[in-house]
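Trainee: Here you go, one structure.
The values are calculated or read from the model by the stated rules, or taken from the named source; none is laboratory data. In this text, all values refer to a predicted model and were calculated from it rather than measured experimentally. Neighbour counts run over all protein chains shown; Cβ positions are idealised from the backbone, glycine included.
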Amino acid sequence: MGPNYLPSTIYVKRAQVAIEFLIIIGAVVFFVSIFLLAIQNSQQEKTYQQQNIQLKEIALTVQNEINLASESSDGYVREFIIPKTAGSQEYQITLDLGIVYIKTTDNKHALTLPVQEVTGNINKTQNTIQKINGQILLNQ
């Protein structure tokens, strides 16, 4: 063992420490990335569920208003409001053949609910529902 043995051992140990350090940093970055990805997926799922809840609340509001009008006596008149958007999403709502159909414009969420037969269309703001001669009129 000559004088060159000791310095080469130091360089080998330094290189080994540097490689171990890079491996540890790589592992930490990997686990942090996995953690952030899991958080993002969880947040997307919560947003998706919240969007479904908001659409369902709007559809149930319309269904309840129509049911209330159908069970009331002639001469019943009531105004109700439905929001222009469901959270941050635009949506479409229609009444057709005893069904209220609501869906987001991106087609990711949709819901149908049965309702009594109604004459008229629903607006995404102020609506007037009335019962005249046993017939339910919406915005007429």
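Trainee: Just to be sure before I move on: is Lys131 of a type in the set (D, E, K, R) and crowded, with 17+ Cβ neighbours inside 10 Å in the structure I sent?
Mentor: Spelling it out, Lys131 is indeed of a type in the set (D, E, K, R) and crowded, with 17+ Cβ neighbours inside 10 Å.
Trainee: Another question, then. Given the conditions (1) in contact with a Lys or Arg (Cβ under 6 Å, 6 or more places away or on another chain); (2) in a loop (DSSP other than H, G, I, E, B), and given that Ile129 satisfies all but one, which numbered condition is not satisfied?
Mentor: Tallying (1) in contact with a Lys or Arg (Cβ under 6 Å, 6 or more places away or on another chain); (2) in a loop (DSSP other than H, G, I, E, B), Ile129 fails exactly one: (2).
Trainee: Exactly one of (1) outside any helix (DSSP H, G or I); (2) free of Cβ contacts under 8 Å to residues at least 12 places away in the same chain is unmet by Asp74. Its number?
Mentor: (2)
Trainee: Continuing with this model, one more query. Considering only residues of segment 100-121 that are under 11 Å from Ile66 (Cα atoms) and of a type in the set (A, V, I, L, M, F, W, C), which is nearest to the chain's Cα centre (by Cα)?
Mentor: Val100
Trainee: Determine whether segment 46-53 contains at least one residue that is farther than 30 Å from Asp96 by Cβ and either of a type in the set (S, T, N, Q) or part of a helix (DSSP H, G or I) (or both).
Mentor: yes
Trainee: Let me ask something additional. Quick one: is Asn41 surrounded by 12 or more Cβ atoms within 10 Å (Cβ to Cβ), at pLDDT below 90 and assigned to a helix (DSSP H, G or I)?
Mentor: No; evaluated as a whole, the condition is false for this residue.
Trainee: Same structure again: Tell me, which residue of segment 37-68 that is under 21 Å from Gln126 (Cα atoms) and charged (D, E, K, R) is farthest from the chain's Cα centre (by Cα)?
Mentor: Among residues in segment 37-68 that are under 21 Å from Gln126 (Cα atoms) and charged (D, E, K, R), the one farthest from the chain's Cα centre (by Cα) is Glu65.
Trainee: Let me ask something else about it. Taking the condition at pLDDT 90 or above, touching a helix residue (DSSP H, G or I) at 6+ places or on another chain (Cβ under 7 Å) and surrounded by 10 or more Cβ atoms within 10 Å (Cβ to Cβ), does Val62 pass?
Mentor: So Val62 fails the test.
Trainee: Can you tell me which residue in segment 86-111 is nearest to Gln54 (Cα to Cα), limited to those that are of a type outside the set (A, V, I, L, M) and surrounded by 13 or more Cβ atoms within 10 Å (Cβ to Cβ)?
Mentor: For segment 86-111, the residue satisfying everything is Gly87.
Trainee: Would segment 78-89 turn up any residue that is basic (Lys, Arg), within 17 Å of the chain's Cα centre (by Cα) and not in a helix (DSSP H, G or I)?
Mentor: Taking every residue of segment 78-89 in turn, at least one turns out to be basic (Lys, Arg), within 17 Å of the chain's Cα centre (by Cα) and not in a helix (DSSP H, G or I).
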